[in-house]
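J.: What follows is a structure written as structure tokens; I'll ask about it next.
The values are calculated or read from the model by the stated rules, or taken from the named source; none is laboratory data. Computed from a predicted model, the values in this text were never measured in an experiment. Protein only, heavy atoms only, side chains kept; ligands, DNA and RNA dropped before computing areas. Shrake-Rupley method; radii C 1.70, N 1.55, O 1.52, S 1.80 Å.
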Amino acid sequence: MIVEWNHHLFSSDTVGYPWHPRATYIPQETHDDPLAHYLHTMDERGVDRAVIVQPEPYGDDHTLVLDALARGPERLRATALFYPKDSDAPRKLEELVSRASWRCASTRIAARRCISITSAMPACARSGRRPPRSG
């Protein structure tokens, strides 16, 4: 089995999938249907499964990743991204866990330094998943 573990999806539909105001970059290559394009690429290359990484241009809006997971539940897992200084981040994480806990492989905190992510533990505990390790 071949698993690609780091792929980003970018949509040309910036109304349905808008760039985050804090985006550190805007990608030059986008697709009308990025998942269909990627699944085709996976098939061509013999990739069985993949981890879709929540890209920074979408910030903590996981709409595109969630839509991809819904369309490719057998082949895809994903990561999530949250901002450590966002007081609403624990609620956003809890909402994401409630919608797609079994499909999220990891959570990234968008920060320039190491931080504690103990606020993620209650949401993970309620979902039955183990909290991420710090360190």
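J.: Given a 1.4 Å probe and heavy atoms of the protein chains only, how would you sort Ser12, Ser87, largest accessible area at the top? Let's see the in-between values first.
T.: Working: Ser12 50, Ser87 115 Å².
Listed by decreasing accessible area, they come as Ser87, Ser12.
J.: Through the Karplus equation 6.51 cos²θ - 1.76 cosθ + 1.60, θ set to phi - 60°, convert the phi angles of segment 13-24 into ³J(HN,Hα) values in whole Hz; use x for Gly and Pro.
T.: Per-residue couplings from phi come out as 7, 7, 7, x, 10, x, 5, 6, x, 8, 3, 7 Hz.
J.: Continuing with this model, one more query. Keeping every protein chain present and rolling a 1.4 Å probe, give me the accessible area per residue for segment 1-54 in Å².
T.: On the way: 3500 Å² over 54 residues.
Accessible surface, normalised per residue, equals 65 Å².
J.: For Val51, tell me the accessible area in Å² from a 1.4 Å probe, rounded to the nearest 10.
T.: Roll a 1.4 Å probe over it and Val51 shows about 30 Å².
J.: Can I ask one more? So how much accessible area does Tyr58 have, in Å² to the nearest 10, using a 1.4 Å probe?
T.: 10
J.: Something else: Sequence-distant or interchain residues sharing an amide H contact under 5 Å with Leu81, placed H: which?
T.: Placed amide hydrogens put Arg108 under 5 Å from Leu81.
J.: For Val97, tell me the accessible area in Å² from a 1.4 Å probe, rounded to the nearest 10.
T.: 20
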